[in-house]
Structures are given as structure tokens and as C-alpha cells.
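Please read the structure below before turning to the comments.
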Amino acid sequence: MPQDGLFSSIKQNLRESEQEVVRGRFDLGEPPNVRRYYCLVNPKTGRREPNGVSGTPVPRPDGMTGIKIDAVSLYTCAKAEQKGFLVSAGYVLSGPAQARAAARPAAPAASPAPAAPESAAATGSAAAAAPAAAAAPAAAAGESPARVAATPAPSPAVRMAADRIDVAGVKLGMSPDAVRSVLKSKSLRHYKEWTETLSFLSSDGSSQSIPNGRFVNVIAAWTPSVSGAEDFESDGESFEVMFTPVPGEERAMAIVHTQGFSRQDAIHETALDEGLVKKYGGYVAAGALPESVTWRFQGDGSLQVGDACGRRGTFGGLGGLSVANAPRENLALRRTPQELQSQVERCGDATVTADHFTPNGGALPADRLVTRFTVTAFSPALGLEGARKAAQLVQAAGPSSKARSKDSKAPDL
């Protein structure tokens, strides 16, 4: 099972408490090297901890099972449930913990669509099909069931490096439905989506929307700091996910995740660096990371480090704990295919960057604290593919070959 719970593990460690109870367990490994992890829930509030923990279970007078925690793992309980690893039999729950379990039973993992070759006439190469968007969530987001049913499964040509990059549970290449599911599980305070519509210039110079041209541009979720101040020493978290402009076949091509901590809850810089190296690799040890680190994932599956192509500033470095009302412009429409192609050739299929703020930057490395960090992933390869498909749709609908978008809307969901 992938270790994709780095950032939730950091948060869980900060509020580590042995007042929680066990709601289930899962085992990983092969005998004799089997490790057992426990999934916890707060018996008073029903709040579930995201990551499995190792430790010693302890019976409680109320019949529930407590635990003496040894460590918080990077394995997420949600992933264990999706894969059918979680065993809840034998663990008694009562009160809010029981109500939460009854109200939200574990959903079976969605099965991806089988791989299928794409028409050579469409792209000139074979590619594997990605999972189609689920009809029910899309209909709930404003799409008609008829249109959802008629939407074909996307056939991306970009795989390899981009599809394996994960930022706090959100992966490049995800569909909007998959991103919605991940972000809503984070229980952040605010959630918003922006949509746009592909358009073309008519003969009289006016902008005309193409039929069925609306696409999801950005999905964001965030919890701002309690004080509302945008300093770099306050609690909060934000996600901003941008999609390729292909109506009905959108894929996440950029992810910006920012985590903030108050001064008293700050994490050590060494802990952050160790987690980043463990997750993304590329460096022998955490001490080798530069202050602003860049990973470049190549199409052949190899990894390079450093900003040799000068693209770190695409999203502006260290992010904020709240998302502005105006969404970012869609990169696949804002940049020319030639520029995106150049980025792929010089940078690779995808780039991941990490930036952080240390209020005591003059201290020794072992004593430096981090009160905010941002991890950003962007795939110019996915952006290039989206730009080409958008251009094909616009060419088929109107006389102009230049893809445009208009009518940005931001419904609260």
C-alpha cells in the first residue's frame, strides 16, 4: 500500500492523543515481517484520524479498545478501507464514534476502466484509457445525467511520471470527481469550484461559446487561520487544483497545497525535509535539500533535481492559507502549445517544488522550525495534451483555431 499520508501524519503527530479508541486494524507485509496498524476515532466527537498508528491496544471499562501509541505511520486508513484491508470486527464503538461509523460506512473502491488503445486518427499514438467520471457526483455538480452518460472515457497519452505524483492525497491526472472526494474528506472549512467555457471568435469578432464547452477549471478547499491574518505563523491549510480544459474529460494538471502552523505547533525543518525525501526521492539525505527544492519527473520514469529549466515561479512559491475569489487562469489556454512542448522537453513531464518559511532561520539546522510550507506539482505534459484537445474542439465548432474561455463562475458547493 502506498505511503501517501506524509502531511496528514505531520498533523496527526501534532495532536497525538491516547484518548482515542480503535475502530479497526490492517496488517501489511509478509510473515514473519507483518506490521499491524490501527485506525482511531475520537469517542466524544466521532472524528476519525487519517493515518494508521502502531501501538499496543488496551481494553477500556466502556468496552471500547484504547491504544498506547508508538508511532503515526504514513499509511492512510482511507486507502486501507478502499483496498479492503481494514478489519473492524471485534472493536466495539459507542456514542458519537458509533454514530459516525453507522452514518458513513466504508465505500468499496471504484474499479478503473480497462486500458484501451486510442484511435490513431485522433492522436497518432496508442494510450491507456483513464477512469470515466462517475455519473452521480457529476450530476450533483450541475451536469445533466444524459450528458454524463454520453461522455466518453478520456484517453490520455500522458502517463508514467505524471500519474504517480501525489500531493497530500491529490494526484496529477485525477478526474474532478476523484479530487472532490479527496478534498471533501479533508473536512476543510471552505470549498469552491470555478468553471469556464471554451469559445471561439466569430466572423464579426464576437466571442461564441462552443456547444457543451463548459469545463471544470479550478477546485479549491481551504481553512484559513483563526485570526484571518496572512502572516507566516498561523494555523491553516489550502488546496488549489487546476484542470485541463477538456469538457467531460478534465484531468488535474496542477496542485498547490499549503500547510500553516502557529509558532507553538511549528514542525522541525529536519522532519519536513526527511518526509519530502522519503516521498519524492532524488536526494541521498534530507540534509542535502536546498532551501527551495525542485524535482523534475521525466517521461521515461527517471527523476532529476534542480530548477535547470527556470520554471519554479509558475505558481509563485510559498502559498497562502486561503484561496482568492478570482481563480487562476488556465495554463493550458494561457500558454501556447509550443511553450508547453518546450517545458516538456526541458523540464520533463512534471515538476514538483517545495518551499517553506522558518521564523528562526538563523538557528542551527537541527533547531530550525517551519510554520508554513507549500508543495506544488505541475505537469506541462498534461497541459499540452489538454491544450491540443481544446484546440481540436474549438476548430470543430468554429472558424477560429485559438482556444478561449469565458464566463468564469464560482458556485459554492
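Values for this structure:
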| item | result |
| --- | --- |
| Protection-proxy order for peptides 276-286, 341-351, 65-75, 368-378, each taking the mean of Cβ atoms within 10 Å per residue, highest first | 368-378, 341-351, 65-75, 276-286 |
| Within the accessible area of segment 191-250 (1.4 Å probe), percent carbon and sulfur | 52 |
| Inter-probe distance in nm under a simple model that places probes 7 Å from Cα toward Cβ, at Lys278 and His190 | 3.2 |
| Surface accessible to a 1.4 Å probe, Arg47 within the full protein complex, Å² | 100 |
| Accessible-area value, Phe243, 1.4 Å probe, nucleic acids and ligands omitted, Å² | 0 |
| Accessible solvent surface per residue of segment 174-318, calculated while the other protein chains remain in place, 1.4 angstrom probe, Å² | 40 |
| Net charge of neighbours whose Cβ lies under 12 Å from the Cβ of Leu28, counting Lys and Arg as +1 and Asp and Glu as -1 | +3 |
| FRET efficiency, 1/(1 + (r/R0)^6) with R0 30 Å, evaluated for Ala89 and Ser302 via beta carbons | 0.10 |
| Accessible area of segment 277-340 belonging to carbon and sulfur atoms, whole % at 1.4 Å probe | 48 |
| Accessible surface, 1.4 Å probe, highest first, among residues Asp177, Asp235, Asp204 | Asp204, Asp235, Asp177 |
| Sites Gln82 and Ala363 - FRET efficiency at Förster radius 30 Å, r taken between beta-carbons, to 0.05 | 0.15 |
| Solvent-accessible area, 1.4 Å probe, carbon plus sulfur percent, for segment 14-94 | 49 |
| Listed residues Trp295, Trp222 arranged by accessible area, highest first, probe 1.4 Å | Trp222, Trp295 |
| Accessible area (Å², 1.4 Å probe, nearest 10) - Ser203 | 130 |
| Most to least accessible of Arg60, Arg334 (protein chains only, probe 1.4 Å) | Arg334, Arg60 |
| Probe 1.4 Å, protein heavy atoms only - accessible area per residue of segment 25-105 in square angstrom | 55 |
| For segment 231-248, Karplus couplings with θ = phi - 60° (6.51, -1.76, 1.60), whole Hz, Gly/Pro x | 8, 9, 9, 8, 6, x, 7, 8, 10, 9, 10, 9, 10, 5, x, 10, x, x |
| Cα gyration tensor shape for segment 307-379, rounded if a/c is under 1.5, else prolate or oblate | oblate |
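The values are calculated or read from the model by the stated rules, or taken from the named source; none is laboratory data. Only a predicted model underlies this, so the values are computations on that prediction, with no experimental measurement involved. Every residue, glycine as well, gets a Cβ built from its backbone with ideal geometry; the counts of neighbours run over all protein chains shown. These area figures cover heavy atoms from the full protein model, side chains too; ligands, DNA and RNA do not enter into them. Shrake-Rupley method; radii C 1.70, N 1.55, O 1.52, S 1.80 Å.
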